[in-house]
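J.: Here it is: the structure, laid out below.
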Amino acid sequence: MKLPVIAAVPVIAAVVLAACAPGSDNKPAQQPAGEVRTDVAAMGDVTLTIWDQETRPAQEAQIKELNARFQAKYPNIRINRVGRSFDDLRSTIKLGLTANDAPDIAQVNNGKQDMGAFVKAGLLRPMDSYASAYQWTQRFPESVRKLASYPDSGDVLGEGKLYGVPQTGELVGIWYNKAKLTELGLQPPKTWDEFDAALARAKAAGQVPIQIGNLEKSSGPYLFALAMHRFGNPADETRLATGRADANWLTEPNRQAARQVADWVDKGYLTTGFAGLKSDDATEKFGAGEGVFHVNGTWSLATLKEAMKDNAGFLLPPGGTVTGGTGLPWAISAKSRNPDAAAAYIDFITTQDAMKTVASSGNLPVLDAGQQPGAGPERDVLDKWQEASTSTKMVPYLDYATPNAYEVIGGAVEQLMAKQLDVEAFLGRLQADLESRRGGR
Amino acid sequence: MAVGEPRRVGYLYALPALLVYVAFLLFPLLHSGWLSLFAWDGLSLGTWAGLSNYASLFSEEGAAAAFGHVGVLILFFSVLPVCIGLVLATALHRVRIRGLPFFRTVLFLPQVIAMVVVAVAWQRIFAPDGALNFVLGTEGKAWLGDSATALLSVGIVGTWVQTGLAMVLFLGGIGKVSADLFDAARLDGAGPAGEFRAVILPALRGEIGVALTLTVIAALRTFDLVYMMTPLGGPGGSTTVPAYEIYQRAFHTGQVGSAAAIGVVITVLAFLVTYVITRVAGRERA
């Protein structure tokens with residue numbers, strides 16, 4: 001009776017193999033609609049574990065204050081806060097959400113490689129029922145909600161269910177040095193022609209027209225996006241940025257944008273040696289008075305305000321189309337045993353009152369920015385966000401398009417600026433990345 | 001039971017160390033090997049992929065480039081430091097300079113500093129407005145931002161770090177050589193070069209083997225230096241290394257199986273290199 005035993009070996013092997021395959025595909029059951037509880041005091045004793053990335057001083061200040069107020073209002077909820085820097089949170093959240101003791105709430109990056117992948121794996125809880133219970137649909141404009149919406153497949157940003165809401169906003173605009181512009185006899189540019197003229201005048205006067213450092217390859221894409229805003233339109237740019245099926249890189253406006261970036265390089269409008277300069281070092285140089293313009297995000301406000309006081313100004317690109325997004329949305333883990341309490345917490349930190357705390361601690365609140373007090377560059381940033389976030393001209397970051405987009409676009413722009421890729425090859429690289437993700441995954 | 005006879009109880013003494021070894025080294029290694037046979041994004045259920053992860057390493061451009069770059073780095077991390085270390089050690093041994101411990105310490109210092117600190121310091125030196133451009137009079141040159149010079153720049157830092165290790169090993173080796181041998185060589189009319197060839201080189205065979213092994217493995221697994229100095233694989237992807245590809249694939253692009261496969265290949269390479277070096281330079285023949 002040896003034969004049956006031998007025959008059984010492959011079967012056993014197959015069973016063992018299947019049992020040992022890494023990962024799991026059991027998606028947690030969805031909570032039926034209509035069962036949402038919003039009475040926090042009646043939820044009994046609950047501990048909420050929260051992974052956030054509010055670790056810079058201004059961020060830490062606002063979240064600590066809001067947590068304290070939440071605790072005071074609802075003593076039955078205990079908050080177990082785990083603060084990690086953005087990079088650390090991004091690297092550990094995947095393990096965190098798949099673990100059995102997953103956090104109840106986590107800040108999750110909007111992109112496909114993060115939120116999209118987690119939605120696909122069923123690790124996040126859809127928040128639509130909470131959105132209607134707490135009226136987040138009125139609180140947050142559609143443009144903001146879209147940046148945290150995915151269908152079950154996790155592959156199209158901006159469609160399907162809502163998976164998170166943010167506290168803060170951010171824009172990538174044009175910082176400028178007021179004194180230098182005045183010295184050159186110029187006003188802050190309102191049209192692209194004025195911007196061109198200002199760059200030329202700055203160069204002729206021996207100034208650095210655009211201060212930029214692209215060693216990390218993060219600033220190059222900002223510059224390319226700026227050029228895209230000049231020649232493209234917000235709808236097409238959004239399609240490209242979110243990797244929609246009908247998006248196409250090989251168009252005339254994109255060619256013009258790529259040529260524009262190469263042209264800025266050729267004319268010597270960028271910092272000498274920008275390819276070897278760190279982005280933060282470039283911001284520091286701009287703060288120290290080196291450079292007339294600096295293409296960077298509103299997150300530089302604290303640094304530049306400290307260095308330049310009211311001499312720093314912030315502009316939307318001429319034409320008003322601007323790259324922008326929200327801070328990391330707060331999402332609820334599918335494994336959370338207390339999703340109702342988690343939703344109540346997220347509601348609490350995004351109320352009108354909470355936005356005041358967010359702003360007074362030195363952050364850019366996603367809502368009601370125009371009503372917050374502030375002067376100088378802070379006023380600029382608050383007002384420009386208010387203007388952009390309620391317009392239809394805010395375009396998401398280019399790296400939401402595909403899981404590899406951050407690396408692909410950063411690398412391609414770097415090579416375009418180094419003259420290692422011509423315009424066609426550059427756009428071809430982006431198009432190839434877009435197409436490689438279609439149909440598959 | 002005779003003294004010195006192997007007894008089973010001996011295994012008991014080795015057990016604690018063995019348990020730690022199995023739990024923290026052997027098991028993760030085997031588990032990586034297992035993962036490398038799957039196509040897995042780290043989140044959903046993995047699917048059996050057999051050896052396709054390994055096969056694609058040979059066909060795909062990114063992985064091949066990474067292994068090519070590490071070949072260049074071995075030159076800078078291993079071959080150059082051993083050569084320079086030999087020269088320095090011989091010189092320091094021949095010329096009785098004052099303050100030898102001081103120079104020895106200074107040359108060994110890079111080994112003691114955390115790699116991240118080394119990377120940040122050299123990033124400043126290589127910066128467009130950094131010290132190197134000031135000395136060379138090439139203001140504004142982006143050494144780390146140019147695909148022609150980025151890998152070279154990282155390599156030079158590697159040489160700077162590893163030379164001290166090689167030199168200290170060799171100095172110790174030379175110190176053990178009997179003075180009679182040097183005297184005999186000199187009586188036979190050997191000059192500095194002859195002495196180096198006939199006395200120092202044979203005596204240092206074991207140390208050279210150790211230095212090569214340590215530095216080659218350091219080159220193969222290098223990550224922190226490259227990742228800090230040239231983020232995202234450097235200009236035009238000119239400084240990607242296998243360890244960077246592992247990190248990128250496992251944590252960012254959801255290709256855990258492929259990452260594990262690279263890890264296994266690097267481990268096998270390290271074993272092979274170590275084996276060859278101990279074979280050629282091993283003490284047992286000296």
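J.: Condition first: modelled with pLDDT of 90 or more and surrounded by 20 or more Cβ atoms within 10 Å (Cβ to Cβ). Now tell me which residues in the range A:127-143 satisfy that.
T.: Selection gives A:M127, A:S129, A:Y130, A:A131, A:Y134, A:W136, A:F140.
J.: Something else: Of (1) part of a helix (DSSP H, G or I); (2) surrounded by fewer than 19 Cβ atoms within 10 Å (Cβ to Cβ); (3) polar (S, T, N, Q), A:T357 satisfies all except one. Which?
T.: Going through the list (1) part of a helix (DSSP H, G or I); (2) surrounded by fewer than 19 Cβ atoms within 10 Å (Cβ to Cβ); (3) polar (S, T, N, Q), A:T357 breaks only (2).
J.: Applying the selection to the range A:264-285, what residues are more than 8 Å from chain B (Cβ to nearest Cβ), closer than 18 Å to B:E139 by Cα, surrounded by 19 or more Cβ atoms within 10 Å (Cβ to Cβ) and among the small types (G, A, S)?
T.: Matches in the range A:264-285: A:A282 only.
J.: Out of all the residues in the range B:214-261, which are free of Cβ contacts under 8 Å to residues at least 40 places away in the same chain, under 25 Å from B:V79 (Cβ atoms) and touching a Ser or Thr at 6+ places or on another chain (Cβ under 6 Å)?
T.: Residue satisfying the conditions is B:G233 alone.
J.: Continuing with the same structure: Which residue, of A:A106, A:A72, A:A99, A:A148, is farther than 30 Å from A:A235 by Cα, small (G, A, S), in the same structural domain as A:K356 (by TED's automatic domain parsing) and surrounded by 23 or more Cβ atoms within 10 Å (Cβ to Cβ)?
T.: Numbers: A:A72 fails: surrounded by 23 or more Cβ atoms within 10 Å (Cβ to Cβ); A:A99 fails: surrounded by 23 or more Cβ atoms within 10 Å (Cβ to Cβ); A:A148 fails: farther than 30 Å from A:A235 by Cα.
The conditions single out A:A106.
J.: Kindly check whether there is at least one residue in the range B:31-48 that is more than 16 Å from B:T267 (Cα to Cα) and more than 14 Å from chain A (Cβ to nearest Cβ).
T.: No: zero hits.
J.: Suppose the filter is more than 26 Å from the chain's Cα centre (by Cα), under 30 Å from A:N404 (Cα atoms) and surrounded by fewer than 16 Cβ atoms within 10 Å (Cβ to Cβ); does B:G50 pass it?
T.: Taking the combined requirement at face value, the residue satisfies it.
J.: Do we have A:D383 as acidic (D, E), outside the structural domain of A:F293 (by TED's automatic domain parsing), surrounded by fewer than 20 Cβ atoms within 10 Å (Cβ to Cβ) and not in a strand (DSSP E or B) here?
T.: Working: acidic (D, E): yes; outside the structural domain of A:F293 (by TED's automatic domain parsing): yes; surrounded by fewer than 20 Cβ atoms within 10 Å (Cβ to Cβ): yes; not in a strand (DSSP E or B): yes.
Spelling it out, A:D383 is indeed acidic (D, E), outside the structural domain of A:F293 (by TED's automatic domain parsing), surrounded by fewer than 20 Cβ atoms within 10 Å (Cβ to Cβ) and not in a strand (DSSP E or B).
J.: B:V120: within 20 Å of the chain's Cα centre (by Cα), within 14 Å of chain A (Cβ to nearest Cβ) and farther than 21 Å from B:F182 by Cβ, yes or no?
T.: Yes.
J.: Could you list all residues from the range B:37-77 that are polar (S, T, N, Q) and modelled with pLDDT of 95 or more? Spell out how you get there, then give the answer.
T.: Step one: list which residues in the range B:37-77 are polar (S, T, N, Q), which gives B:44, B:47, B:52-53, B:56, B:59.
Selection gives nothing.
J.: For the range A:360-376, which residues satisfy the criterion of being surrounded by 23 or more Cβ atoms within 10 Å (Cβ to Cβ) and under 28 Å from A:L215 (Cβ atoms)?
T.: Answer for the range A:360-376, where residues must be surrounded by 23 or more Cβ atoms within 10 Å (Cβ to Cβ) and under 28 Å from A:L215 (Cβ atoms): A:N363, A:L364.
J.: Further question: Specify the residue that is surrounded by the fewest Cβ atoms within 10 Å (Cβ to Cβ); the eligible residues are those in the range B:252-274 that are within 14 Å of chain A (Cβ to nearest Cβ) and part of a helix (DSSP H, G or I).
T.: Residue satisfying both the conditions and the ranking: B:H252.
J.: Condition first: without any contact (Cβ under 8 Å) to a residue 24 or more places away in the chain, surrounded by fewer than 24 Cβ atoms within 10 Å (Cβ to Cβ) and not charged (D, E, K, R). Can you find one or more residues in the range A:243-259 that meet it? Walk me through how you get there before you give the answer.
T.: The initial filter retains those residues of the range A:243-259 that are without any contact (Cβ under 8 Å) to a residue 24 or more places away in the chain, namely A:246, A:251-252.
Filter once more, so that each one left must be surrounded by fewer than 24 Cβ atoms within 10 Å (Cβ to Cβ): A:246, A:251-252.
With not charged (D, E, K, R) added as a condition, the list becomes A:251.
Yes - at least one qualifying residue is present in the range A:243-259.
J.: Hey, can you tell me all the residues within the range B:39-66 that are part of a helix (DSSP H, G or I), among the aromatic types (F, W, Y) and touching a helix residue (DSSP H, G or I) at 6+ places or on another chain (Cβ under 6 Å)?
T.: Residues of the range B:39-66 part of a helix (DSSP H, G or I): B:52-59, B:61-66.
Right, trim to among the aromatic types (F, W, Y) and you get B:54, B:58.
The one that is part of a helix (DSSP H, G or I), among the aromatic types (F, W, Y) and touching a helix residue (DSSP H, G or I) at 6+ places or on another chain (Cβ under 6 Å): B:Y54.
J.: Let me ask another. Please tell me if A:G273 is touching a residue at least 60 places away in the same chain (Cβ under 8 Å) and closer than 25 Å to B:G234 by Cα.
T.: No: the conditions fail for A:G273.
J.: OK, next. Report the residue count in the range B:61-100 for those that are surrounded by 12 or more Cβ atoms within 10 Å (Cβ to Cβ) and either aromatic (F, W, Y) or over 21 Å from the mean Cα position of the chain (by Cα) (or both).
T.: 10
J.: Taking helices (runs of 4 or more DSSP H) that fall entirely within the range B:92-183, which contain at least 1 residues that are closer than 25 Å to B:R205 by Cα and modelled with pLDDT of 95 or more?
T.: B:150-175
J.: Considering only the range B:204-211, I want to know if a residue exists there that is touching a residue at least 24 places away in the same chain (Cβ under 8 Å) and within 14 Å of chain A (Cβ to nearest Cβ). Outline the logic, then answer.
T.: Of the residues in the range B:204-211, the ones touching a residue at least 24 places away in the same chain (Cβ under 8 Å) are B:204-211.
Now restrict to residues that are within 14 Å of chain A (Cβ to nearest Cβ): none.
Within the range B:204-211 (the criterion being touching a residue at least 24 places away in the same chain (Cβ under 8 Å) and within 14 Å of chain A (Cβ to nearest Cβ)), the answer is no, since none of the residues qualifies.
J.: Please work out if B:V199 is buried (at least 17 other Cβ atoms within 10 Å of the Cβ), away from chain A (no Cβ under 14 Å), more than 30 Å from A:K278 (Cβ to Cβ) and under 19 Å from the mean Cα position of the chain (by Cα).
T.: Answer is no for this residue.
J.: Which members of the range B:57-86 meet the condition of being within 20 Å of B:G254 (Cα to Cα), more than 14 Å from chain A (Cβ to nearest Cβ) and touching a residue at least 24 places away in the same chain (Cβ under 8 Å)?
T.: Passing the criteria: B:L57, B:A63.
J.: Here's another thing I want to ask about it. What helices (runs of 4 or more DSSP H) completely inside the range A:250-317 contain at least 2 residues that are touching a Ser or Thr at 6+ places or on another chain (Cβ under 6 Å)? Please lay out each step first, then the result.
T.: Details: elements: A:252-266, A:279-287, A:301-308.
Qualifying helices (runs of 4 or more DSSP H): A:279-287.
J.: Next question. Go through the range A:180-207 residue by residue and tally those that are of a type in the set (A, V, I, L, M, F, W, C), touching a Lys or Arg at 6+ places or on another chain (Cβ under 8 Å) and buried (at least 19 other Cβ atoms within 10 Å of the Cβ).
T.: 2
J.: If I ask for residues that are out of contact with any Asp or Glu (no Cβ under 8 Å at 6 or more places or on another chain) and among the basic types (K, R), which ones from the range A:256-294 would you list?
T.: Of everything in the range A:256-294, those that are out of contact with any Asp or Glu (no Cβ under 8 Å at 6 or more places or on another chain) and among the basic types (K, R) turn out to be A:R259, A:K267, A:K285.
J.: Just the residues that are outside any helix (DSSP H, G or I) and free of Cβ contacts under 8 Å to residues at least 60 places away in the same chain, please, taken from the range A:360-380.
T.: A:D368, A:Q372, A:P373, A:G374
J.: Continuing with this model, one more query. List the residue pairs whose Cβ atoms are under 9 Å apart, where the first residue sits in the range B:139-150 and is more than 7 Å from every other protein chain (Cβ to nearest Cβ), the second is in a loop (DSSP other than H, G, I, E, B) and among the acidic types (D, E), and the two are 6 or more positions apart or on different chains.
T.: B:E139/B:D129
The values are calculated or read from the model by the stated rules, or taken from the named source; none is laboratory data. None of the values given here were measured: they were computed from a predicted structure. Methodologically, a virtual Cβ is constructed for each residue, glycine included, from the backbone with ideal geometry; neighbour enumeration extends over all protein chains shown.
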